[in-house]
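Trainee: For reference, the structure I am asking about is given below.
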Amino acid sequence: MTKRRFLQDGRTQSHRRRRLTPVNADPAGTAGIKKRKACAAGASITAEAHGPNAAFIKRHGSFRTALGRIETQRKSFISNLKASAMLPVMARRKQENEIQGSLFGDLAPTVPAVRAPRIEPRKLNAPAAPTSTLVPPIPADCYLAEIAVDGPVAGAFTYRAENFRGQLAPGARVLVPFGGRTLPGFFVGEKKAEELAAQGIALSRLRPIIKVLETASQPLVTPTLLKLAHWMARHYAAPLGSTLSSMLPSGVRRGAAGARLRMVRATQPPEKLLEAARALLLKKPRQAQLLMALAAMPGAWSSDPAVADAAPQAIPIAAPELLAEAGAPDSALKALEKSGLLRIEEIRAGHDTDDLAHTDEHGKDLLLNAEQAAAFSRIEAALSAGTFGGFLLQGVTGSGKTEVYLRALKKALEMGRQGIVLVPEIALTPQTAQRFQQRLGFNRVAVLHSHVTDGDRADAWRAVRAGEIDVVVGARSALFAPLPRLGVIVVDEEHENAFKQDSTPRYHARDTALELARLSGAVVVLGSATPSFEALHAARTGKLHHLLLNARVAGRPLPPVSIIDMGEENRESGRYNYLSERLVTDIARTLLRREQTILFMNRRGFSTVITCLRCGFTEKCEHYDITLTSHRGKAAAMSAPYSDSAAALQSRGETLLCHYCGYEKPLPEVCSGCGLPGVKHWGMGTERVEAEVRKAFPNARVARMDSDTMTRRTAYLEALAAFRSGQTDILIGTQMIAKGLDFPNVTLVGVVLADTALHMPDFRSRERTFQLLAQVAGRAGRGDKGGSVVIQTHLPADPAIRAAARHDFESFALQELQERRAFLYPPFTRLARILLRGKEQHKTREAATQLADALKAESAKQAAAVEVELKPGLPPPTLILGPSEPPIARLEGFFRQHIMIKARDSEALSALLNSPAGSVLQKLKGADAVVDVDPLNML
Ligand code: ADP
């Protein structure tokens, strides 16, 4: 029996029964806004139904009775597992691993996982229990479709589909009636009429599908993607319909198309065109003009310089440009096309062929060094085997990981297979993205950066489906490109948080890529200089093959790193310096050598805290519990470095900005708390760094790159091009400049303040600090001139900073992993975070307490069920922490509470979330709740 989904979506049991009672019942329509809100907020958990449970439901009709039976069954399942304790340990572990089916985050448990009680999905738009014993016979031509509706409901519903027989492929998009509304949905499988009859459901209660939106024989959700959606919906506790929907770019769903460019290409050499022009000159002067312009147009012709008398080859040129040059109308162009002298071609405007990397010399294959060759040969072997293979390619910055990815992709293409390359934020890594295009062919590779329009993205999807594109490079959603012969998935910088989606379905692209590769028999290469501890743990426990690139290419050393203790620096100088003496000296030397400097500051704005010296009042956001950052703007920073007189600042338009919601207000002249003058700026962001640098080096050419200055993609590319060509001496920026940039003339990297991430209340803050410092440091010394790094910090003894300065990932990881194990954090456990938000503080708190109590009781029950197996020192299957106030206690006018669940493995986690206790989540009063499995954001 196929696996089914069911959403316990915020309704009571009686609600649910009502929904499931007759006549194409409309859960969304009947249960009202509250439920829709809860569902939209992701307040849903799913349970999976299996064969025996389906039988219970059928036999007993009542949901409650079935649950009771299921509980009995669960207990017997557990006792069977307990009996298996006599099995040899290895055999039992194997059995457990099969149950878990998860790659990351298990504690190599020595006790069996507890299975969730299985609940039969109420997936019909008709009742599950008979309402009449007289069910009319089913007509022979009956054809029923299971539809996962893209709305605030989970699960699949049954519709009649006789009118669309032969038009429905699994994954096809349809429109269905749902209550009083028409909603899109996805065909997920056929429903046998006998099943319906056995459930005593009359056909007359089912409504028909309204329309099939994709009549093509190849739906954009391929069968493999459909399976992936099922996995995601279960793993991330998300509704199936919205999971499927999130796989399709919005442009595809809307039927958008990208802009087209008309290009003209001559079909004859220039002299023939001129000959034809002479003949037309009197009768058709405009056509003649057009031909003459085409023959003479620079860029319209190229010839092979290697062959002395090579005939010029026609290059397509933009039609509007040609028409303007010739002063001819479009009709002249069309007439000439008819006469066969030229061809008009249409290309996709979004096809990214004109960006900066064209000037790179990355077109050819490089000769792999020994480490690269060893890594590639293992990937190649897995590709040749044609089965799933997972690799962690851990290589220091500049060790040539990208070259290994390229070879893997080339190999896959040679084998007739296809590839996906995921990069954390494509707008930030144009160099990497374009290397793929240059090496693998512009026409076969689609680069989907965040500035690609919806229409262009939709075009790319269709081109992929039509088999015109073999490699898709993009951010996490590129994973869902409908490539039918997927052979390799690369996840570059796999440790990056950008791979986790922060709305439903809250999936992690790395983990989802692994599942997709398993389903496709493909190879996954996770690449990083500083792997996530999840990937590292998987590699150490043999779940991923570990490939190492320990040295930079061409024997280049990693740059030496100096740590500057800013506390000591300031004590000595007796005033607060933003740039240390050492950093200033090093920048001066770099400028003298005509080399370049990158200065990294991971906070934008000017000052991060505005406080009154008299009363201590701190400026905060009106909607959030967050301090406001002051912004002076580019012009202000450039014209006059700074003066702390509030009146002076205000006259220059200094504003206070909330970085969470965009709330903005002018810097007040007097303190908003006591009304007296004397507000003080504390902390620094990129604007302050820019002002300090300009003050210290008035003649240097300085550029700042952060989300305030780089609002257009072209601005980013232009700034990078200026830096590459040497027009900029000092580049200041946020993490925008920390990754992927490969500039050989950069010989100095300064980290202006390394501590920002360390102060985050998050168990990953040290891991993130190390990752970021290693990435930034990796921008220095990539050329033959070498380079060095200066890290300024107030925490010079912090293990993450010290290890980063030694480029010592291994011992840092070892120490951190020991702590994670001791405190039961991932990768040794799996986490889920339940975030509640409500309009009233006490109701939110009450709801959180009620939910936490229910979860704690269930957790204790489940622990007791496996008690016999528990060894001293081993944690119970799940631990419930909280409720407590999260670091951001108020957001968008809502009060917030959160509950953390630590689970020994993913099975224990879903057992808890899918238990009856989990369903309390949907009955909460006065608060919405969102479940985030494997959360990265703890705020
Ligand atoms: P990573 O992705 O590990 O940071 P890259 O793949 O960007 O490293 O490689 C760093 C630089 O070394 C690039 O300029 C790349 O062209 C060059 N490179 C990579 N492999 C080789 C090789 N085998 N021989 C010569 N140069 C190489």
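Trainee: Among (1) within 16 Å of the ligand (Cβ to nearest atom); (2) assigned to a helix (DSSP H, G or I); (3) at pLDDT 90 or above, there is one condition E534 misses while meeting the rest; what is its number?
Mentor: Here E534 meets the rest and fails (1).
Trainee: Return the total of residues in segment 386-410 being more than 16 Å from the ligand (Cβ to nearest atom) and in contact with a helix residue (DSSP H, G or I) (Cβ under 9 Å, 6 or more places away or on another chain).
Mentor: Total meeting the criteria: 3.
Trainee: Name the residue that is surrounded by the most Cβ atoms within 10 Å (Cβ to Cβ), counting only residues in segment 158-216 that are over 19 Å from H230 (Cα atoms) and aromatic (F, W, Y).
Mentor: Among those residues, the one meeting the criterion is Y159.
Trainee: Give the residues of segment 325-337 that are modelled with pLDDT of 90 or more and closer than 23 Å to Q313 by Cβ, sorted by residue number.
Mentor: The answer is L333, L336, E337.
Trainee: In addition: Among the residues of segment 387-394, are any surrounded by fewer than 16 Cβ atoms within 10 Å (Cβ to Cβ) and in a helix (DSSP H, G or I)?
Mentor: The answer is no; no qualifying residue exists.
Trainee: Against the condition touching a Pro at 6+ places or on another chain (Cβ under 7 Å), of a type in the set (D, E, K, R) and within 16 Å of the ligand (Cβ to nearest atom), how does E493 come out, does it pass?
Mentor: Against the criterion (touching a Pro at 6+ places or on another chain (Cβ under 7 Å), of a type in the set (D, E, K, R) and within 16 Å of the ligand (Cβ to nearest atom)), E493 qualifies.
Trainee: Please find, among T728, T734, the residue that is touching a residue at least 60 places away in the same chain (Cβ under 8 Å) and over 21 Å from H495 (Cα atoms).
Mentor: T728 is the lone residue from the list that is touching a residue at least 60 places away in the same chain (Cβ under 8 Å) and over 21 Å from H495 (Cα atoms).
Trainee: In this structure, is R435 within 16 Å of the ligand (Cβ to nearest atom), over 12 Å from the mean Cα position of the chain (by Cα) and of a type in the set (K, R)?
Mentor: yes
Trainee: Just give me the residues in segment 198-210 being modelled with pLDDT under 90 and either aromatic (F, W, Y) or touching a Leu at 6+ places or on another chain (Cβ under 9 Å) (or both), in sequence order.
Mentor: Residues satisfying the conditions are Q199, I201, A202, L203, R205, L206.
Trainee: Here's something else I'd like to know. Which of (1) assigned to a loop (DSSP other than H, G, I, E, B); (2) touching a strand residue (DSSP E or B) at 6+ places or on another chain (Cβ under 7 Å); (3) within 24 Å of A535 (Cβ to Cβ) is the odd one out, the single condition P424 does not satisfy?
Mentor: Just one mismatch for P424, condition (2).
Trainee: Among the residues of segment 821-843, which ones are buried (at least 20 other Cβ atoms within 10 Å of the Cβ) and either within 30 Å of P560 (Cβ to Cβ) or more than 30 Å from the chain's Cα centre (by Cα) (or both)?
Mentor: None; the set is empty.
Trainee: Does G171 fit the bill of being of a type in the set (G, A, S), modelled with pLDDT of 80 or more, under 13 Å from L244 (Cβ atoms) and outside any strand (DSSP E or B)?
Mentor: Considered against the rule, which asks whether it is of a type in the set (G, A, S), modelled with pLDDT of 80 or more, under 13 Å from L244 (Cβ atoms) and outside any strand (DSSP E or B), G171 comes out as yes.
Trainee: May I ask you to list the residues in segment 568-590 that are of a type in the set (G, A, S), surrounded by 12 or more Cβ atoms within 10 Å (Cβ to Cβ) and assigned to a helix (DSSP H, G or I)?
Mentor: Once the filter is applied, which keeps residues that are of a type in the set (G, A, S), surrounded by 12 or more Cβ atoms within 10 Å (Cβ to Cβ) and assigned to a helix (DSSP H, G or I), segment 568-590 yields only A588.
Trainee: Quick one: what pairs do we get from segment 516-531, first residue more than 13 Å from the ligand (Cβ to nearest atom), second part of a helix (DSSP H, G or I) and of a type in the set (S, T, N, Q), C-beta under 7 Å, 6+ apart or different chains?
Mentor: These pairs meet every condition: L519/T224; S520/T224.
Trainee: Consider segment 538-559. How many of its residues are within 16 Å of the ligand (Cβ to nearest atom) and assigned to a loop (DSSP other than H, G, I, E, B)?
Mentor: 7
Trainee: S450: closer than 30 Å to R764 by Cα, part of a loop (DSSP other than H, G, I, E, B), at pLDDT below 95 and within 16 Å of the ligand (Cβ to nearest atom), yes or no?
Mentor: Against the criterion (closer than 30 Å to R764 by Cα, part of a loop (DSSP other than H, G, I, E, B), at pLDDT below 95 and within 16 Å of the ligand (Cβ to nearest atom)), S450 does not qualify.
Trainee: Filter segment 467-494 down to the residues that are assigned to a helix (DSSP H, G or I) and in contact with a helix residue (DSSP H, G or I) (Cβ under 7 Å, 6 or more places away or on another chain) and list them by number.
Mentor: R476, L479, F480
The values are calculated or read from the model by the stated rules, or taken from the named source; none is laboratory data. Bear in mind the structure is a predicted one, so any value in this text is a computation, not a measurement. Cβ coordinates were reconstructed from backbone atoms using ideal geometry, including for glycine residues, and neighbour counts include every protein chain displayed.
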